[in-house]
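Novice: If you scroll down you'll find the structure; I have some questions about it.
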Amino acid sequence: MKRPVIIALDFSSTDAVEEFLTKMPNKPLFLKVGMELFYNTGASLIHRLKENGHRIFLDLKLHDIPNTVQQGMKALARLNVDIVNVHAAGGSEMMKRAVEGLDAGTPAGIDRPKLIAVTQLTSTSELVMQQELRIHGTLKEAVQAYAKLAKTSGLEGVVSSPLEVPFIHEACGEKFLTVTPGIRLAGDAVGDQKRVTTPTDARKLGSWGIVVGRSITASCDPTKAYEKVIAEWEEQS
Ligand code: C5P
């Protein structure tokens, strides 16, 4: 799989997605469908996007007892999506069973979705992690430990901030995939994100794939913004 630019479809309806896609280049894209969109539209939108040739990161962040996650993943694998995810905080048994569920549910003749884990949400500060989640040590140590757990559980990678990529690679090797949100084109509003980088910096930090939402979806010219992101990501600037 080519190192992707994944567009976050943070919309609540099929109509809003279709309206956005009319403003984008008429070619297959890599799209992230999260809870808001999936819970509003269900599998029908996924089928439609796949029929139109798009690739999908289904960002539902499963976290439950191992058997429930295994059965949930078995169902998601039937949607023929390209990437799915879990919370590493669910533990190694849950993550291994997630892989088993995907293996069991993937239809013959297609690749099973890649499975990646959330280590610590980028909205969680070190203080909140220590005082509320009761995880001792630094954020860096927690992210490295969860990334290692994901790797030994058979997952292909993690979701992280681009700024965390170097020490995830240090713990898990360069081939371990890092999918990184928190991307902004220079000059764009940061919004609620805490630690953002440009596509160029994410590339330099070693991200495998970037997730870009509002820098593209809230732009007055989404195609131009997308092309700018691609140019930075593919080192044309
Ligand atoms: O608009 P923006 O580029 O900030 O969107 C980022 C996308 O990545 C959103 O869909 C957000 O839910 C998702 N995400 C994130 N941080 C994480 C995991 C997912 O921003 N740790």
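Novice: Mean residue ellipticity at 222 nm from the helices of the chain, using -39,500 (n - 2.57) per DSSP H segment of n ≥ 4 over the full residue count, to the nearest 500 deg cm²/dmol?
Specialist: -12500 deg cm²/dmol
Novice: Rg to Rh for the stretch 121-230: what is it, with Cα atoms only and Rh by Kirkwood?
Specialist: On the way: Rg = 15.0 Å, Rh = 14.8 Å.
Ratio of gyration radius to Kirkwood radius for the stretch 121-230: 1.01.
Novice: For Lys32, list long-range residues whose amide hydrogen, built 1.01 Å from N in the peptide plane, is under 5 Å from its own amide hydrogen.
Specialist: Ile7, Ala8, Leu9, Phe57
Novice: Per residue Cα convex hull volume for the stretch 134-191, in cubic angstrom? Before the final figure, lay out the partial values.
Specialist: Values: hull volume 6.1 nm³, N = 58.
Cα-based convex hull of the stretch 134-191, divided per residue, equals 105 Å³.
Novice: Could you order peptides 78-88, 190-200 by the average number of other Cβ atoms within 10 Å of their residues, highest first? Don't jump to the answer; show the numbers that get you there.
Specialist: Working: 78-88: 21.5, 190-200: 15.6.
Packing proxy ranking, top to bottom: 78-88, 190-200.
Novice: Using the Kirkwood formula over every pair of different C-alpha atoms, what hydrodynamic radius in Å results for the stretch 66-166? Write down the numbers at each step before the final one.
Specialist: Working: mean 1/r = 0.0711 Å⁻¹.
Result for the stretch 66-166 stands at 14.1 Å.
Novice: Would you work out which of Ser123, Leu31, Gln71 lies farthest towards the positive end of the dipole of the stretch 31-125? Charges go on Cβ: Lys and Arg +1, Asp and Glu -1.
Specialist: Farthest towards the positive pole: Leu31.
Novice: I'd like to check one number: the per residue accessible area of the chain, probe 1.4 Å, reported in Å² as a whole number.
Specialist: Numbers: 11220 Å² over 237 residues.
I get 47 Å² per residue for this part.
Novice: Given the peptides 127-137, 107-117, arrange them by the average over their residues of other C-beta atoms within 10 Å, most packed first. Don't skip to the answer; put the middle values down first.
Specialist: Values: 127-137: 12.4, 107-117: 15.9.
Highest to lowest by the protection proxy: 107-117, 127-137.
Novice: Please report, in debye to the nearest 20, how large the charge dipole of the stretch 137-237 is about its Cα centre when each Lys and Arg carries +1 at its beta carbon and each Asp and Glu carries -1 there. Show your work: numbers first, answer last.
Specialist: Values: 12 positive and 13 negative charges, 43 e Å.
With Lys and Arg at +1 and Asp and Glu at -1, about 200 debye.
Novice: Can you give the charge dipole size of the stretch 5-234 about its Cα centre, rounded to the nearest 20 debye, using +1 on the beta carbon of Lys and Arg and -1 on the beta carbon of Asp and Glu? Intermediate values should be presented prior to the final figure.
Specialist: Details: 26 positive and 27 negative charges, 62 e Å.
So the magnitude is around 300 debye.
Novice: Run the simple label-point estimate for Phe167 and Asn67 please: 7 Å along Cα→C-beta, distance reported in nm.
Specialist: It works out to 3.8 nm between the two label points.
Novice: Right, something else. Need one number: the % of Cα-Cα pairs in the stretch 5-234 sitting beyond the 23 Å mark.
Specialist: Summing the P(r) tail past 23 Å for the stretch 5-234 gives 48 percent.
Novice: Another question about this same structure. Between Ala145 and Glu174, what is the label-point separation in nm under the 7 Å Cα-to-beta-carbon projection?
Specialist: 2.9
Novice: Can you compute the label reach from Glu234? Point 7 Å from Cα along the Cβ direction, backbone N cut-off under 16 Å, restricted to the stretch 177-221.
Specialist: In the stretch 177-221, the label zone of Glu234 (backbone N under 16 Å from the point 7 Å along Cα→Cβ) covers 199-200, 203, 209-210.
The values are calculated or read from the model by the stated rules, or taken from the named source; none is laboratory data. Quantities reported herein were computed from a predicted structural model and do not represent experimental measurements. Every residue, glycine as well, gets a Cβ built from its backbone with ideal geometry; the counts of neighbours run over all protein chains shown. Surface areas here come from the heavy atoms of the whole protein model, side chains and all, with no ligands, DNA or RNA. Shrake-Rupley method; radii C 1.70, N 1.55, O 1.52, S 1.80 Å.
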